[in-house]
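A.B. asks: Mind having a look at this structure? Questions to follow.
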Amino acid sequence: MTTRIERLVTSGQFTLDGGTWDVENNVWLVGDERDVVVIDAAHDAEAIARAVGDRRLTAIVCTHAHNDHIEAAPALADLTGAAIRLHPDDLPLWKATHPRRDPDGYLLDGQVITTAGTALTVLHTPGHAPGAVCLYDAGLGTVFTGDTLFQGGPGATGRSFSHFPTIIDSIRDRLLTLPPETKVLTGHGDSTTIGAEAPHLDEWIRRGH
């Protein structure tokens, strides 16, 4: 069976440090006709479950624990029986949204998540959040970057738990070393490629993004 990548856009709110913003999130589904992984269960568990359909959801993988990326994760897990996985460094952020529910398992740098012919390698990329991760599949030529790297630059680092020099190190050392043709599928907005973003690193550093 052919592995495919599907995007579902969900809408809701992001809340941190006393502020609230309306946002649209990309929810990525990676799999085939039988099995699928969800990357970031954002806002609407029922809409994500409909996108999964009658396939087996093998994991709900969280790129980080800002509320807009994890809000629907427990409800989706309850609907499907899938396990929620998060990097342990983001547990304090997770607890701010889900104080009475723990993730079912933790993501570790270098771990490989396999399902339906995919091999998603976990890359720990702190900066936007302490436990932020990206997921790279060389066979698909794709990296799912959450809020670490967007079309046009790094994710935001002006709020609690974030750090600009750290996100720059993560992008330089973990992402820009990937093949330039690698597709970058982001947590919000449009996709890009490693090759399109790499030339702008020095500019981002000068701007302090």
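The values are calculated or read from the model by the stated rules, or taken from the named source; none is laboratory data. Remember, predicted model here, so these are calculated numbers, not experimental data. In this analysis, Cβ positions are derived from the backbone assuming ideal geometry, glycine residues included, and neighbour counts consider all displayed protein chains.
A.B. asks: Identify, please: which residue in region 1-39 is assigned to a loop (DSSP other than H, G, I, E, B) and hydroxyl-bearing (Ser, Thr, Tyr) and is, among those, surrounded by the fewest Cβ atoms within 10 Å (Cβ to Cβ)?
C.D. replies: Thr2
A.B. asks: Right, something else. Just give me the residues in region 40-57 being part of a strand (DSSP E or B) and touching a Gly at 6+ places or on another chain (Cβ under 8 Å), in sequence order.
C.D. replies: Leu57 - this is the single residue of region 40-57 that is part of a strand (DSSP E or B) and touching a Gly at 6+ places or on another chain (Cβ under 8 Å).
A.B. asks: Which pairs have Cβ atoms under 6 Å, sit 6 or more apart or on different chains, and link a residue in region 91-112 that is of a type outside the set (A, V, I, L, M) to one that is surrounded by fewer than 17 Cβ atoms within 10 Å (Cβ to Cβ)?
C.D. replies: Close Cβ pairs satisfying both conditions: Asp104/Ala83; Gly105/Ala83; Tyr106/Pro88.
A.B. asks: So Arg56 ticks every box in (1) over 16 Å from the mean Cα position of the chain (by Cα); (2) under 22 Å from Phe161 (Cα atoms); (3) loosely packed, with under 15 Cβ neighbours inside 10 Å but one. Which box is left unticked?
C.D. replies: Just one mismatch for Arg56, condition (2).
A.B. asks: Being at positive phi and touching an Asp or Glu at 6+ places or on another chain (Cβ under 8 Å) narrows it down to one of Gly146, Gly155, so name that one.
C.D. replies: Answer to the selection: Gly146.
A.B. asks: Check off (1) charged (D, E, K, R); (2) closer than 25 Å to Leu201 by Cβ; (3) touching a Leu at 6+ places or on another chain (Cβ under 9 Å); (4) free of Cβ contacts under 8 Å to residues at least 60 places away in the same chain for Asp169 and give me the number that stays unchecked.
C.D. replies: Tallying (1) charged (D, E, K, R); (2) closer than 25 Å to Leu201 by Cβ; (3) touching a Leu at 6+ places or on another chain (Cβ under 9 Å); (4) free of Cβ contacts under 8 Å to residues at least 60 places away in the same chain, Asp169 fails exactly one: (3).
A.B. asks: In region 58-77, which residue that is touching a strand residue (DSSP E or B) at 6+ places or on another chain (Cβ under 7 Å) and in a loop (DSSP other than H, G, I, E, B) is farthest from Leu91 (Cα to Cα)?
C.D. replies: Restricting to residues being touching a strand residue (DSSP E or B) at 6+ places or on another chain (Cβ under 7 Å) and in a loop (DSSP other than H, G, I, E, B), the top hit is Glu71.
A.B. asks: For the condition farther than 25 Å from Phe161 by Cα, modelled with pLDDT of 95 or more and not hydrophobic (A, V, I, L, M, F, W, C), what is the one hit in Thr63, Thr97, Thr80?
C.D. replies: Numbers: Thr63 fails: farther than 25 Å from Phe161 by Cα; Thr97 fails: farther than 25 Å from Phe161 by Cα.
Just one listed residue meets the conditions, Thr80.
A.B. asks: Tell me which of these Glu71 doesn't satisfy, since it passes every other one: (1) under 21 Å from Tyr136 (Cβ atoms); (2) of a type in the set (D, E, K, R); (3) crowded, with 22+ Cβ neighbours inside 10 Å.
C.D. replies: Glu71 satisfies every listed condition except (1).
A.B. asks: Tell me whether region 157-180 contains one or more residues that are modelled with pLDDT under 95, among the aliphatic types (A, V, I, L, M), crowded, with 16+ Cβ neighbours inside 10 Å and not in a helix (DSSP H, G or I).
C.D. replies: no
A.B. asks: Just checking, which of Gly155, Gly127 is within 15 Å of the chain's Cα centre (by Cα), free of Cβ contacts under 8 Å to residues at least 40 places away in the same chain and over 12 Å from Ala65 (Cβ atoms)?
C.D. replies: Of the residues listed, the single one that is within 15 Å of the chain's Cα centre (by Cα), free of Cβ contacts under 8 Å to residues at least 40 places away in the same chain and over 12 Å from Ala65 (Cβ atoms) is Gly155.
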